[in-house]
Amino acid sequence: MTTTALKARKEFGKTLASDIAHRLRNEIVTCQLKPNESLKFDALRLSFGASFTTLREALTLLVAEGLVVAEEQRGYKVAPVTLEDLHDLTHARILIEVNLIRRSIERGDDDWEIRVISCLHRLAKIEERAPEDYAGNAEWKSAHRQFHEALVSASGSPTLLAVRNSLFDRAERYRNLSALYRPRPRDKAGEHRALMQAAIGRNAEQACALIASHIQTTSDNVAKYASGVISAG
């Protein structure tokens, strides 16, 4: 086992397989590993210093998340990006996010409101420091995820939250494609601010409409501007 692998285990997970899955997941959602790219065991062994068994366990985790595809007799590859998957993923995310944000508004206390406001404030500060390219900034992506997690964190449903997190990871690839090919900047800051105001203002109907539009707009941008790199299905 390499020193890098040992450090990864300590930092990210309880097992080496989960650490490898974490790092591969990041490379997939940031498009460092391209859709349909083959994941060859020999190359992965050199990169991670892990056994075939451990690598297979890590890849199996990513298959379950929809980020990797197992091909009979041909090994594994990065899952393709398709319009069919994008539309299905978008529909599922809207259903779950709307449910969770409504529950959070109904159940959230003062600490929840403070958490939402604090996460948005951090996101805004990062955008101020890097106004031109914040969407490609790893710090921004982490803060962006934390803001959306904060919005639904009072829902009281660990099961739905786990499903939501998995869908969020899958959607990250499409968000990255949207940012890469979109010709004009999008006013995400304004969308996030409106979401925060509706949530802490306890306006559930408005918050649900805004989160649905927020997710759908990303999907529409990908379908419109990145169609050249996405297959029909």
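Some points to look at:
- Mean projected area (nm²) of the alpha-carbon convex hull when segment 88-233 is viewed from all directions: 8.3
- Under a model in which nothing but the beta-carbon of Lys, Arg (+1) and Asp, Glu (-1) is charged, segment 89-150 shows a dipole of about 220 debye around its Cα centre.
- Selection from Ser118, Val68, Phe52, by position along the positive dipole direction of segment 25-155 (Cβ): Phe52
- Spatial separation of Cα centroids for segment 11-83 and segment 161-192, in angstrom: 21
- Here Glu27 sits with roughly 60 square angstrom of accessible surface, probe radius 1.4 Å.
- Dipole magnitude for the chain: computed about the Cα centre from +1 point charges on Lys and Arg Cβ and -1 point charges on Asp and Glu Cβ, it is near 420 debye.
- Relative to the dominant Cα principal axis of the chain, helix 3-12 is inclined by about 30°.
- Relative to the longest principal axis of the Cα atoms of the chain, the long axis of helix 188-200 makes an angle of roughly 60 degrees.
- Top of Ala179, Ala43, Ala58 by mean-square fluctuation, Gaussian network on the chain, Cα under 10 Å: Ala43
- Accessible area per residue in Å² at 1.4 Å probe, computed on segment 106-233: 50
- Helix 52-64 vs. the chain, principal-axis angle (Cα, 0 to 90°, nearest 10): 30
- Most mobile listed residue (Gln206, Gln32, Gln146) in the chain, GNM with C-alpha springs under 10 Å: Gln32
- Of Lys34/Lys141; Lys77/Lys125; Lys14/Lys40, those spanning more than 30 Å from alpha-carbon to alpha-carbon: Lys77/Lys125
- Across the chain, the mean sequence separation of Cα contacts (distance under 8 Å, 6 or more residues apart), normalised by length, yields a relative contact order of 24 percent.
- Förster radius 22 Å - calculated FRET efficiency between Leu180 and Glu128 (Cβ-Cβ, nearest 0.05): 0.45
- Residue among Gly190, Gly66, Gly108 with the largest mean-square fluctuation in a Gaussian network model of the chain, springs linking Cα atoms under 10 Å: Gly190
The values are calculated or read from the model by the stated rules, or taken from the named source; none is laboratory data. Remember, it's a predicted structure, so these values are computed and weren't measured experimentally. Methodologically, a virtual Cβ is constructed for each residue, glycine included, from the backbone with ideal geometry; neighbour enumeration extends over all protein chains shown. Only protein heavy atoms, including side chains, enter the accessible area calculation; ligands, DNA and RNA are left aside. Shrake-Rupley method; radii C 1.70, N 1.55, O 1.52, S 1.80 Å.
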